[in-house]
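The values are calculated or read from the model by the stated rules, or taken from the named source; none is laboratory data. All of these numbers come straight from a predicted model, not from anything done at the bench. Counting neighbours? That spans all protein chains shown, and the Cβs are built from the backbone with ideal geometry, glycine included. Only protein heavy atoms, including side chains, enter the accessible area calculation; ligands, DNA and RNA are left aside. Shrake-Rupley method; radii C 1.70, N 1.55, O 1.52, S 1.80 Å.
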Amino acid sequence: MSADSKAVYSPPNKVVSISHCSSMEQYRRMYEKSIQDPEGFWGEIAKSFHFEQETTGKFCDYNFDPSKGRIFIKWLEGAKTNICYNCLDRHIEAGKGDQIAFYWEGNDPADRRQLTYADILRDVCKMANVLKGYGVAKGHRVAIYMPMIPELVVAMLAVARIGAVHSIVFGGYSSESLAERMIDAQASILITSDAVWRGTKLVHLKDIADGALEICKQKDLDVKKSIVVKHLCRVTAPQSAANGVANGNPSKKTHFDDKVGWKEGRDVWWEDVMKDAKSDCHAVWMDAEDPLFMLYTSGSTGKPKGVLHTVGGYMLYSATTFKYSFDYHPGDIYFCTADIGWITGHSYVTYGPLLNGATSVLFEGVPTYPHTGRFWEIVEMCKVNKFYTAPTAIRALMKFGDEPVKKYNLSSLSVLGSVGEPINPEAWMWYYRVVGNSDVSIVDTFWQTETGGHVITPLPGATPAKPGSACYPFFGVDVALLDEEGKEISGEGEGYLVFRRPWPGIMRTVYGNHERFETTYFKKFPGYYCTGDGARRDADGYIWVTGRIDDMLNVSGHLLSTAQVESALVEHEAVAEAAAVARPHHVKGECLYCFVYLAEGFEFNPKLAAELKGKVREKIGPFATPDYLQATSVGLPKTRSGKIMRRILRKVAVGDKEFGDISTLADPSIVDVLFQSRILDGKA
Ligand code: WT7
């Protein structure tokens, strides 16, 4: 079915009647206050949290204009707090220690655990003491490379409790990617796990982590400890694996955990070190502007950027967006399917929910194992009220029709969230109609690793939603659209999506490279934070984010830079030059279409294609594998100054002959040759 793009979907009564913000009028009033009087607005919110000391300096201070000096952003200067204390101790002191914080649902439906707030605090304190025992102190970086298990939440909160800085690397990254991030962060401790099942696939995390530590050693980073959760022996292996066929390899044994590599002195089992650790540990009072965590995101130069967030502002912002965007109420059960290795998991699996004293589902598995109704089975079982996932997952599940959804009782649902990329109206409608039974609010939340939390989003009890639009700015977010000259566009129009001033959750710097922070986000349009996305404002003031306008690709909701992929490809001796562009993909949103110009004496064949894909997997990770590889014998289209014109390659990739002006190319004849030998759909 196709969606009527003009349709507007009003919030259902069951949401409006209890909502924290239940009308557009109330939204506008609150929004006005947040812009006119940020100190009053956020100061009031701050009262619900524990601050050991109140702000001594300015409530908010910043500079967004490079011509006026260095870029900086400060909120709540001088205030002292601890986010772990606010996530756990505060609720336990209020008598909520026995409340469930997480229902853990394993890859296999048989594997389930429940953890209360008190359980988590006990383990967090133990792990914090273990880390202190290894010399970890305030400001030190701790790398985390783990599956979606409760120990991951425990690890990050333990790090935060003692004032150290966590750097979580998604468990789908390769050894090289993990090493690159650990070296940039100069992390001296790694927390990982032996392995994890993702569907029927066994991922040997420790092997990959060991590979990374080897690279770290070569680059003079001495990683003192690797703390390893023994996870595999406590979960159910997939049927196929139990028969001795893991990953399609019949020679794999059924006892998967007896073969992890081990380095005495460096490697310790999590379970062993936790046994004797003391279960109390005081929270270190941090300055609001002390670093809380860094999380790497792709940059257009190809080198990942360590996005740095600080304690106070991030705490207020992740908590407040969670409360309002999902309209969270005590007693609600909330389920976010994102991996904690991405920002969505940081803000909306761990911090936002725990700061609100919420009960959530923590899910280890994948949407299609052991069947395509897995999400909905969990929703029914845990009586989930608020559900948050990505358009790529929705599209993947849509393919199986309505049946796997209709099998389950989903009447508990009232708010469905979407994040990661623009959601196409068809997917929006399916989510609304089939999953939500046309009786839910859909919140299409636009934000970035850099923004810390939602910046443009509907509010479930207030905003009439338009499928495909992220609607209106969140409290404190001052949106503008700029034209190519940097002039503000008022009313209807399309341009660069920027923000005029900081909200509490915005990143503070790129770790170890403040200049890169300034150039990436503030140089193009002085006085504004530039998102790198384009957007359109319609006649009703709704914002429609149209996607990236730089050399970035959004594959399944995750950003990759063309440079990152190209540099992986040219590492192969057969490749002289490479260019990567995005091609629309029915499930992933965008996928990679790569052009390779081979070096003398090499011939393109399936073996080489497999090697090149392998190279990308090795350098970045499996999720970045190109779907299409086109070899060229005539070179790549370049300007006379030698710049590859990716604009033209994007057209070739989708089979569009409207190239526009190609007269500036050094050799325009290349374009036709590339077009003739382009890969047609389905021939990847
Ligand atoms: C980029 C940020 C924020 C968590 C997930 C991705 C795109 C994200 C939306 C949305 C349109 C969206 C943007 C953005 N994006 N959400 N609701 N509508 N586009 O985090 O990896 O930092 O990527 O994802 O292009 O800039 P990220």
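Pull out all pairs, ordered by first then second residue, where Cβ-Cβ is under 6 Å, the residues are six or more apart or on different chains, the first lies in the range 342-361 and is under 20 Å from residue 50 (Cβ atoms) and of a type in the set (Val, Ile, Thr), and the second is open to solvent by less than 10 Å² (accessible area, probe 1.4 Å) and more than 16 Å from the ligand (Cβ to nearest atom).
Sorted first by the residue in the range 342-361, then by its partner, the pairs are 350/153.
For the range 639-654, what are the residues that are assigned to a loop (DSSP other than H, G, I, E, B), of a type in the set (Gly, Ala, Ser) and open to solvent by less than 90 Å² (accessible area, probe 1.4 Å)? Break it down stepwise before answering.
Our first condition is that a residue be assigned to a loop (DSSP other than H, G, I, E, B); within the range 639-654, this holds for 640-643, 645.
Those left that are additionally of a type in the set (Gly, Ala, Ser): 641-642.
Answer for the range 639-654, where residues must be assigned to a loop (DSSP other than H, G, I, E, B), of a type in the set (Gly, Ala, Ser) and open to solvent by less than 90 Å² (accessible area, probe 1.4 Å): just 642.
Output the residue which, of all residues in the range 437-469 that are within 25 Å of residue 297 (Cα to Cα) and touching a Ser or Thr at 6+ places or on another chain (Cβ under 6 Å), is nearest to the ligand (Cβ to nearest atom).
Per the criteria, the residue is 449.
Criterion first (crowded, with 23+ Cβ neighbours inside 10 Å and under 24 Å from the mean Cα position of the chain (by Cα)) does residue 479 satisfy it? Steps first, please.
Numbers: crowded, with 23+ Cβ neighbours inside 10 Å: no; under 24 Å from the mean Cα position of the chain (by Cα): yes.
Answer is no for this residue.
Might you let me know whether the range 376-395 holds any residue that is of a type in the set (D, E, K, R), under 24 Å from residue 201 (Cβ atoms) and within 16 Å of the ligand (Cβ to nearest atom)? If you could, list the steps in order and put the result at the bottom.
As a first pass, look at the range 376-395 and keep what is of a type in the set (D, E, K, R): 377, 380, 383, 386, 395.
Adding the requirement that they be under 24 Å from residue 201 (Cβ atoms) leaves 377, 395.
Still in the list and also within 16 Å of the ligand (Cβ to nearest atom): 395.
Yes, that holds for at least one residue.
Do we find a residue being in a loop (DSSP other than H, G, I, E, B), out of contact with any Gly (no Cβ under 8 Å at 6 or more places or on another chain), hydrophobic (A, V, I, L, M, F, W, C) and loosely packed, with under 14 Cβ neighbours inside 10 Å anywhere in the range 598-621?
Quick first cut of the range 598-621, residues in a loop (DSSP other than H, G, I, E, B) only: 599-605, 620-621.
Restricting the remaining residues to those that are out of contact with any Gly (no Cβ under 8 Å at 6 or more places or on another chain) gives 599-605, 620.
Applying the additional criterion that residues be hydrophobic (A, V, I, L, M, F, W, C) yields 599, 602, 604, 620.
So of that shortlist, the ones also loosely packed, with under 14 Cβ neighbours inside 10 Å come out as 599.
Yes - at least one qualifying residue is present in the range 598-621.
When you check residue 519 against the structure, is it open to solvent by 20 Å² or more (accessible area, probe 1.4 Å), away from the ligand (no atom under 16 Å from the Cβ) and among the β-branched types (Val, Ile, Thr), yes or no? Can you show your working first?
Details: open to solvent by 20 Å² or more (accessible area, probe 1.4 Å): yes; away from the ligand (no atom under 16 Å from the Cβ): yes; among the β-branched types (Val, Ile, Thr): yes.
For residue 519, the condition - open to solvent by 20 Å² or more (accessible area, probe 1.4 Å), away from the ligand (no atom under 16 Å from the Cβ) and among the β-branched types (Val, Ile, Thr) - is met.
I'd like to check something: does the range 251-262 contain any residue that is more than 29 Å from the chain's Cα centre (by Cα), open to solvent by 60 Å² or more (accessible area, probe 1.4 Å), at pLDDT 95 or above and not hydroxyl-bearing (Ser, Thr, Tyr)?
yes
If you check residue 300 against the conditions, is it over 28 Å from residue 42 (Cα atoms), within 16 Å of the ligand (Cβ to nearest atom) and in contact (Cβ under 8 Å) with a residue 24 or more places away in the chain?
Working: over 28 Å from residue 42 (Cα atoms): yes; within 16 Å of the ligand (Cβ to nearest atom): yes; in contact (Cβ under 8 Å) with a residue 24 or more places away in the chain: yes.
So residue 300 passes the test.
So which strands (runs of 3 or more DSSP E) stay within the range 522-593 end to end and still have 3 or more residues that are within 19 Å of the chain's Cα centre (by Cα)? Show your work before the answer.
Details: elements: 529-537, 543-548, 552-555, 558-561, 575-585.
Of the strands (runs of 3 or more DSSP E) lying wholly inside the range 522-593, those with at least 3 residues that are within 19 Å of the chain's Cα centre (by Cα) span 529-537, 543-548, 552-555, 558-561.
Quick check on my filter: what residues within the range 535-551 are more than 9 Å from the ligand (Cβ to nearest atom) and at pLDDT 95 or above?
If the condition is that a residue be more than 9 Å from the ligand (Cβ to nearest atom) and at pLDDT 95 or above, then 536, 537, 538, 539, 540, 541, 542, 543 are the ones that fit.
Consider only pairs whose beta carbons are under 7 Å apart and that are at least six residues apart or on different chains; among these, list those whose first residue lies in the range 556-582 and is under 20 Å from residue 531 (Cβ atoms) and away from the ligand (no atom under 14 Å from the Cβ) and whose second residue is β-branched (Val, Ile, Thr) and in a strand (DSSP E or B).
562/581
Scanning the range 583-597 for residues that are of a type outside the set (A, V, I, L, M, F, W, C) and within 16 Å of the ligand (Cβ to nearest atom), which turns out surrounded by the most Cβ atoms within 10 Å (Cβ to Cβ)?
Just the residues of the range 583-597 that are of a type outside the set (A, V, I, L, M, F, W, C), to begin with: 583-586, 588-590, 593, 597.
If we keep only those that are within 16 Å of the ligand (Cβ to nearest atom) too, we end up with 584-585, 588-590.
Values: 584: 12, 585: 17, 588: 23, 589: 25, 590: 22.
By that ranking, first place goes to 589.
Under 7 Å between Cβ atoms, which residue pairs at least 6 apart in sequence (or on different chains) link something in the range 188-207 that is at positive phi with a partner that is at pLDDT 95 or above and of a type in the set (Gly, Ala, Ser)?
If the second residue must be at pLDDT 95 or above and of a type in the set (Gly, Ala, Ser), the pairs left are 199/365.
Looking only at residues that are open to solvent by 10 Å² or more (accessible area, probe 1.4 Å) and either without any contact (Cβ under 8 Å) to a residue 24 or more places away in the chain or of a type in the set (Gly, Ala, Ser) (or both) in the range 396-432, which one is farthest from the ligand (Cβ to nearest atom)?
That would be 403.
Which numbered condition in (1) touching a residue at least 40 places away in the same chain (Cβ under 8 Å); (2) within 16 Å of the ligand (Cβ to nearest atom) is the only one that residue 498 fails?
Going through (1) touching a residue at least 40 places away in the same chain (Cβ under 8 Å); (2) within 16 Å of the ligand (Cβ to nearest atom) one by one, residue 498 breaks only (1).
Can you work out which of the residues in the range 342-362 that are open to solvent by less than 10 Å² (accessible area, probe 1.4 Å) and more than 16 Å from the ligand (Cβ to nearest atom) is nearest to residue 120 (Cα to Cα)? Break it down into steps so the answer makes sense when it comes.
So the first thing to find is which residues in the range 342-362 are open to solvent by less than 10 Å² (accessible area, probe 1.4 Å), and the list is 345-355, 357-358, 360-362.
Next cut, more than 16 Å from the ligand (Cβ to nearest atom) only: 354-355, 357-358, 360-362.
Working: 354: 11, 355: 13, 357: 12, 358: 13, 360: 13, 361: 14, 362: 13 Å.
Filtering first and then ranking leaves 354.
Could you list, in sequence order, the residues of the range 470-487 that are part of a loop (DSSP other than H, G, I, E, B), within 19 Å of residue 548 (Cα to Cα) and away from the ligand (no atom under 14 Å from the Cβ)?
Within the range 470-487, 483, 484, 485, 486 qualify.
Please go through the range 303-333 and pick out each residue that is among the hydrophobic types (A, V, I, L, M, F, W, C), within 16 Å of the ligand (Cβ to nearest atom) and under 30 Å from residue 18 (Cα atoms). I'd like the intermediate steps shown before the answer.
If we filter the range 303-333 for residues that are among the hydrophobic types (A, V, I, L, M, F, W, C), which is where we start, we get 307-308, 311, 315-316, 319, 322, 326, 333.
Retained after the next criterion (residues that are within 16 Å of the ligand (Cβ to nearest atom)): 307-308, 322, 326.
Selection gives 322, 326.
Among the residues of the range 571-582, are any touching a strand residue (DSSP E or B) at 6+ places or on another chain (Cβ under 9 Å) and at positive phi? Walk me through it before giving the result.
Looking only at the range 571-582, we keep the residues that are touching a strand residue (DSSP E or B) at 6+ places or on another chain (Cβ under 9 Å), and these are 572, 574-582.
Among the residues that remain, those that are also at positive phi are: none.
Checking the range 571-582: not a single residue is touching a strand residue (DSSP E or B) at 6+ places or on another chain (Cβ under 9 Å) and at positive phi.
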